[in-house]
1. Cα to Cα, under 16 Å, and not fewer than 8 places away if on the same chain: which lysines meet these conditions relative to K70?
2. Cα gyration tensor of the range 1-131, axes a ≥ b ≥ c as square roots of the eigenvalues: rounded (a/c below 1.5), prolate (a/b > b/c) or oblate?
3. Between their Cα atoms, which of K57/K91; K194/K217; K144/K217; K91/K185 are more than 21 Å away from each other?
4. Just want the answer: with Cβ charges of +1 for Lys and Arg and -1 for Asp and Glu, which residue in I179, S68, A52 is farthest toward the dipole's positive end in the chain?
5. Go through the range 66-169 and name the trypsin sites (Lys or Arg not before Pro) that are in a DSSP coil and have 13 or fewer other Cβ atoms within 10 Å of their Cβ.
6. Among H95, H80, rank each residue by its count of other Cβ atoms within 10 Å, from fewest to most, as a rough exposure measure.
7. Under the Karplus relation 6.51 cos²θ - 1.76 cosθ + 1.60, θ = phi - 60°, what is the ordered set of whole-Hz ³J(HN,Hα) values for the range 61-77, x standing for Gly and Pro?
8. Give me, ordered by chain and number, the residues 5 or more places off K11 or on other chains with an amide H under 5 Å from its own placed amide H.
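Any read-out appearing in this document is the output of simple, stated calculations on the displayed coordinates, not a laboratory observation. Here the structure is a predicted model, which means the values were calculated and not measured. Here the Cβ is made from the backbone with ideal geometry for all residues, glycine too, and neighbour counts use every protein chain on show.
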Amino acid sequence: MYLIRKFLRLKVSEADLVRNFEISAHSILSMTERKIPFLTKLFPGEDLPAVALNSLKPAFEEVGKLESRKVQARKLLGKHLQSKQEEICLKYFGHDCPDILLPAYSIGLIENGDQFLNALALKMEQNEGGHEQFSKTAKAYFKKKYFFETYKNNVFLCLINELFGKIDNQDDVRRFEIIVTEHVKKLGVELLVKNSGKDEHIISSFADGYDFSETQKRIDLISRFIQGVELNSEKVIDQVCEEFPNLLLKNHEAFQSMMIDAGVK
C-alpha cells in the first residue's frame, strides 16, 4: 500500500513517518555498531532509536497534517535543518570552542534545564574549580551529545530520501553550517560580556561600542534561511547569505577588541 501511495505521490501520514524512521533508525544503528561500536558504549542501556524518534515526533505530527506531499517534503527538509542546527552547535562546543567561553554558553543551557551542566557547575563551585576544569568535562559531555545528534540527523535525512527521493541541496547545507557556526562563535563572546560584572575590564572596551541587537538579527536570518529551504527559494537563501556577512561587519572592530581583552583566540 505504501509503495502505491508513493507512486501516486499521495501525502504521507504521521504513522508513515514514524514507521519509516523507526526502520531506518534501527538499521543505521546496527550498521554503525558493526563497524565501530561506540554509540552503545556512550549510551549504555538506552534505546537510541526511541530517544531519537521521541525528539522528532512533534515535527512528524506537524508534517503529517499537511495536505500536499510536495509541501511535506520541503517542510521536512526545514525540520531537518532545525535539528542540524543543534548538531552544528554541539560540534563547536565539543571540539573548537575556547575553554573560557564554555561556561558562558552553559549558563543559558542550565537555565533551559540541563541537569548535567547544572550539577557540574555546582560541583565546580563547591570545589572552587576553574573554567579549565569545568570546560574539560563539559566538552566531553558535548561530544557525547554531538555523536547522538549526528546519528539522529543521519536517520532523519535517510527518511526524507526514502520517502521523497534525494531532494536536499548539499550546497545549501554547507552554507547553513557556515552561518550557524559563525553565529555560535559570536554568541559565546556576547554571552561572556552580558554575564560579566560591570567592573570587569572586558566591558569597558567592548560593550559600549557593540550593537547587541545583532544577536537576534543573526537568529532571524537563520530562520529565514530555513524558510527559504521550505519554500524551495534559492532567492531567499542567497539573500540571507548576502546579508549575514554584512551584518557581521558592523560590529567587527568592537568584536575584535573584545576577543583580545578576553583572551579568546
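1. Counting by Cα, and skipping residues close in sequence, K70 has these lysines nearby: K6, K11, K79, K166.
2. Working: a/c = 2.88, a/b = 1.98, b/c = 1.45.
Since a/c reaches 1.5 and a/b is larger than b/c, the shape of the range 1-131 is classed as prolate.
3. Details: K57/K91 24 Å; K194/K217 17 Å; K144/K217 30 Å; K91/K185 12 Å.
Cα-Cα > 21 Å for K57/K91; K144/K217; rest within.
4. Projecting each Cα onto the dipole axis, the largest value belongs to S68.
5. Details: sites: R69, K70, R74, K75, K79, K84, K91, K123, K136, K139, K143, K144, K145, K152, K166; in loops: K166.
Taking the range 66-169 and a limit of 13 other Cβ atoms within 10 Å, the loop trypsin sites (Lys or Arg not before Pro) found are K166.
6. Details: H95 11, H80 21.
Arranged by neighbour count, lowest to highest, H95, H80 become H95, H80.
7. 5, 5, 5, x, 7, 6, 8, 9, 4, 5, 5, 4, 4, 5, 5, 5, 4
8. R69
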